[in-house]
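Notes follow the structure.
The values are calculated or read from the model by the stated rules, or taken from the named source; none is laboratory data. Treat the numbers as computed from the prediction; the structure is a model and nothing was measured. Using ideal geometry, Cβ is built from the backbone for each residue, glycine included, and neighbour counts are taken over all protein chains shown. Heavy atoms of the whole protein, side chains included, go into the accessibility calculation; ligands, DNA and RNA do not. Shrake-Rupley method; radii C 1.70, N 1.55, O 1.52, S 1.80 Å.
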Amino acid sequence: MDAKTMRNVKEVNKGDVIAFKANDQRYKALLCTSTFKERSPHYFTFAALSTNQEELPNLEEIQESCFYGIGNRKDSTFGYSENELVIMWSVHPEIKPYFLGSYGLTIWRKDFIKFRENLVFVGQLNIIENLDMNGNGSINASDWDFLKDFFDEKYTSNLAEKGQKLFKIKAIIT
């Protein structure tokens with residue numbers, strides 16, 4: 001995708017994939033797992049992806065990547081359908097009978113607007129509901145400097161310290 005075809009992010013919806021250049025000048029990516037737009041203040045929750053490349057990723061590359069999360073809940077108010085569990089467990093049989101959940105990066109809309117010109121819309125994936133609700137942690141990522149800094153060379157070890165592991169995105173696509 002060249003500069004002419006890059007599409008800056010105007011709005012965010014569940015399943016949207018956005019990319020940005022972090023401090024190391026490499027592209028990182030986020031997957032929107034949920035939005036809250038019913039009443040103000042609005043916010044978006046994202047899962048950090050394993051994307052770490054020099055060129056802007058395309059949607060096919062994103063689908064081959066992973067997200068940070070955990071397989072830790074067996075019973076939940078925010079369960080998945082039988083079909084979603086079949087897909088999830090076929091890709092990650094090691095977690096059965098547990099559910100996958102993502103580690104959340106929360107960005108408040110009022111803050112997002114301040115730095116959205118630094119983000120590029122990559123595409124949209126049809127993902128399961130409640131991925132972030134079945135996770136076990138989150139962090140406020142509403143500041144552009146924080147977001148760029150978060151994805152430094154230590155973000156993988158920082159997430160691992162929080163008990164987060166990599167899971168294939170294919171496990172959460174419906």
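General observations
- Between the range 122-144 and the range 54-83, the alpha-carbon centres lie 9 Å apart.
- Most fluctuating residue given options Leu31, Leu125, Leu100, as computed from a GNM of the chain linking Cα atoms under 10 Å: Leu125
- The mean accessible area for residues of the range 3-102, using a 1.4 Å probe and ignoring ligands and nucleic acids, is 51 Å² per residue.
- What the Cβ-Cβ distance of Glu61 and Asn126 gives, at R0 = 30 Å and to the nearest 0.05, is a FRET efficiency of 0.95.
- Pairs of Cα atoms farther than 18 Å apart, the range 74-174, %: 57
- Antiparallel DSSP beta bridges within the chain, percent to nearest 5: 90
- Potential lengthening of the chain between Ile113 and Ser138 amounts to 6.9 nm, from the contour at 0.36 nm per residue minus the alpha-carbon distance.
- What the range 103-149 shows is 44 Å² of accessible area per residue, with the surface traced by a 1.4 Å probe over protein heavy atoms.
- Calculated diffusion of the chain, Stokes-Einstein form, Kirkwood radius summed over Cα pairs, 25 °C and 0.890 mPa s, µm²/s: 151
- Accessible surface of the range 38-174, 1.4 Å probe, proportion on carbon and sulfur as whole %: 47
- Most to least accessible of Ser102, Ser157, Ser34 (protein chains only, probe 1.4 Å): Ser157, Ser34, Ser102
- Amide H contacts of Gly79 (H built 1.01 Å from N, under 5 Å, at least 5 apart or other chain): none
- Of Asn52, Ser102, His42, farthest towards positive along the dipole that unit charges on Lys, Arg, Asp, Glu beta carbons give the chain: His42
- Highest-first arrangement of 129-141, 81-93, where packing means the average Cβ count within 10 Å: 129-141, 81-93
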